[in-house]
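The values are calculated or read from the model by the stated rules, or taken from the named source; none is laboratory data. From a predicted model like this one, the values you see are computed outputs, not experimental measurements. We place every Cβ from the backbone using ideal geometry, glycine too, and count neighbours over all the protein chains shown. Ligands, DNA and RNA are stripped out before the accessible areas are found, and what is left, the full protein with its side chains, is counted by its heavy atoms. Shrake-Rupley method; radii C 1.70, N 1.55, O 1.52, S 1.80 Å.
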Amino acid sequence: SERVKRRFETRSWVHVSRGSVEDGKREAALLSQVVEAVVDGGGATTGAETVAELERMLAALVANRRFLLVLDEVRNGGEWEELVRRLLERGGRGSKVLVTAVTAGVARDMGAGHVHRVNRLGEDDGWALLRVAACVADDGGAALRGVGRRIVGKCGGVPLALRAVAGVLRTREAIAEE
């Protein structure tokens with residue numbers, strides 16, 4: 001949103017993958033992901049950098065700048081805790097790191113200052129979200145509503161899952177129109 005753009009000089013999103021990385025190279029891989037996101041995926045790293053080099057690069061990128069870093073789908077908070085602490089120490093006043101995770105245990109591992117739990121949506125609210133996110137102009141009648149509500153059930157009412165499915169449906173519709 002415009003408010004977020006005005007508040008933070010640097011905004012970055014890292015989808016934390018559980019890709020197979022050798023134990024000794026895990027920290028470098030994590031740092032590399034963050035550096036790439038901060039420079040907007042501009043190929044800032046080659047993969048040959050050491051942890052120390054990546055830390056220096058990242059420190060220079062966030063030094064005295066207010067930033068927002070989103071770490072999406074963190075599964076092991078312990079491996080990110082130190083990095084987040086160092087980033088917040090080096091960044092400008094008001095910098096924030098937002099972490100999404102499936103379990104609250106990750107938030108505890110990272111020493112989160114605030115945990116916000118997202119509730120599952122009911123059938124009606126889930127269908128409304130799916131319909132809007134998939135760009136369905138109207139309610140579509142009983143048949144479409146029934147299919148939509150079954151999708152809501154399969155997604156367990158999880159808003160992120162519903163938005164992901166809606167994105168796929170939107171893409172399929174665009175391809176079909178071409």
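Worth pointing out:
- Cβ pairs under 7 Å, 6+ apart, first in the stretch 129-158 and closer than 20 Å to Thr171 by Cα, second assigned to a loop (DSSP other than H, G, I, E, B) and modelled with pLDDT under 85: Arg145/Asp139
- Failed item in (1) out of contact with any strand residue (DSSP E or B) (no Cβ under 9 Å at 6 or more places or on another chain); (2) in a helix (DSSP H, G or I); (3) open to solvent by less than 40 Å² (accessible area, probe 1.4 Å), with Val106 passing the rest: (1)
- Selection count, the stretch 142-167, where residues are of a type in the set (A, V, I, L, M, F, W, C), open to solvent by 30 Å² or more (accessible area, probe 1.4 Å) and in a helix (DSSP H, G or I): 9
- For the stretch 58-85, a residue qualifies if it is in a helix (DSSP H, G or I), open to solvent by less than 60 Å² (accessible area, probe 1.4 Å) and either without any contact (Cβ under 8 Å) to a residue 60 or more places away in the chain or aliphatic (A, V, I, L, M) (or both), and the qualifying residues are Leu58, Ala59, Leu61, Val62, Gly78, Leu83, Val84.
- Whichever residue in the stretch 1-39 is part of a loop (DSSP other than H, G, I, E, B) and over 15 Å from Val97 (Cα atoms) and, among such residues, is modelled with the highest pLDDT: Val39
- Sole exception among (1) in a helix (DSSP H, G or I); (2) within 18 Å of Trp13 (Cα to Cα) for Val97, by number: (1)
- Qualifying residue in the stretch 119-141 (condition: modelled with pLDDT under 85, among the basic types (Lys, Arg) and surrounded by fewer than 15 Cβ atoms within 10 Å (Cβ to Cβ)): no
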